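Notes for the one structure printed next.
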Amino acid sequence: MASSDPNKAAAFHEIDIPSTLDAAKKPEREILRHIELCGYSEEASFAIKLALEEAMTNAVKHGNGNDANKRIKVRYAVDPARAVIIVRDEGGGFCHQSVPDPTRPDRLTLPTGRGIMLMRAYMDEVKFEADGTEVCLVKLNR
Amino acid sequence: MNATDALTISTTQKGNGVVVQLVGSASMELCDRLNEALYAACESRPRVLVVDLSRLDFICSLGLGGLVAAYLRVQKYGGALLLASPAESIREMLQVTKLGQILPMFDTPAEALASIS
C-alpha cells in the first residue's frame, strides 16, 4: 500500500498483463485508485491517466507489435508526494530521440505519433530505459 | 479520473452537416469505435462534420488521431471538420499538440454549423 509518510518511498507494485489494450485497463484502474486515495488533483489524475494510456498504447502497438501473446510488465509506486510508473514491453526497443516532433507543420496532419510528446507534456519526468523497451513516468503531487 | 471508461457516440444529420456527439471517455480501448463512427459520418460527404465534445471528459492520442483522420477525409472532398465545446482539459490537449491550428473550435455545435453557410 502507499505510504502516508511523504518522506518514505512507497513500495512498488507489479502487474504482468497480456499485451492488449483491454488488459491494459487493469493496471490503469489500480494506479488511478491509488492516485485518488493519495489525494492527487483532478489535473494530475488526468495527466497520469493520459501518460499511462500513451505508454500502454506504445507498448501494445509499437513495442509488442500487436502480438497478444507477448506481455507487458507494469511497476508502480504511488505516495502522497509522487507517482512513479514503469511500463516494459517485450519488443526490440527504439531510439526515442529519433521520434519526430508531431507539432512540426509537416507532421501536424499525421494521425499518429503524438504519444511520447503527450507523455512529456503532462508528466514531470519521462525516461526511456533498456533500449526503449521501458518507459518510466514520474508525476509530482503539487 | 475514472478508469472504468465508457464512450457513447451519436450521429445526427443537421441540414448539410452531421454532428457526432461523444459522451464519456475516448480511452485507448474505445478509440477503434470512435474512429469507425467518424469514418461512417464522412461517408455521406457532409459539407461540415461537427464533433461535439461538450460531454467528453478524456481523449487519448488514438482518439486525436481519429479526429485528424476524419479531418483529412472531409478535406479531401472539400468539407470541413469543426469541434464544439471541448472541456478545458481537452482544449489544453488540442493546444499542446497544436491540433487547434487545423481543427477550429466553437462554443456550441449550432455555432459550428452556422459558421459554414
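Laboratory data are not the source of any read-out in this text; all were calculated from the coordinates shown. Being a predicted model, the structure only gives us computed values, none of them experimental. Positions of Cβ are backbone-derived with ideal geometry, glycine not excepted, and every protein chain shown enters the neighbour counts.
Points worth noting:
- Helix axis angle, B:61-76 relative to chain B longest principal axis, alpha carbon, degrees: 10
- Summarising the label geometry, the points placed 7 Å from Cα in the beta-carbon direction at residue A:11 and residue A:95 lie 4.1 nm from one another.
- Note on B:95-103: average number of Cβ atoms from other chains within 10 Å of each residue's Cβ is 4.
- Protection proxy ranking of A:85-94, A:47-56, B:55-64 - average other beta-carbon atoms within 10 Å, highest first: A:47-56, B:55-64, A:85-94
- Exceedance of the 21 Å cut-off in Cα-Cα distance is limited, within the set A:26/A:127; A:49/A:70; A:25/A:49; A:61/B:76; A:73/A:139; A:139/B:98, to A:26/A:127; A:49/A:70; A:61/B:76; A:139/B:98.
- Taken along the Cα-to-beta-carbon direction at a fixed 7 Å, the label points for residue A:106 and residue A:69 span 3.9 nm.
- Number of partner chain Cβ atoms within 10 Å, mean per residue of B:57-67: 5
- Extension gain, residue B:44-residue B:11: 0.36 nm per intervening residue step, less the Cα-Cα distance, totals 10.7 nm.
- Ranking of A:45, B:27 by count of other Cβ atoms within 10 Å, fewest first: A:45, B:27
- Other protein chain Cβ atoms within 10 Å, averaged over every residue that makes up A:105-115: 5
- Fewest-first ranking of B:25, B:115, using other Cβ atoms within 10 Å as the exposure measure: B:115, B:25
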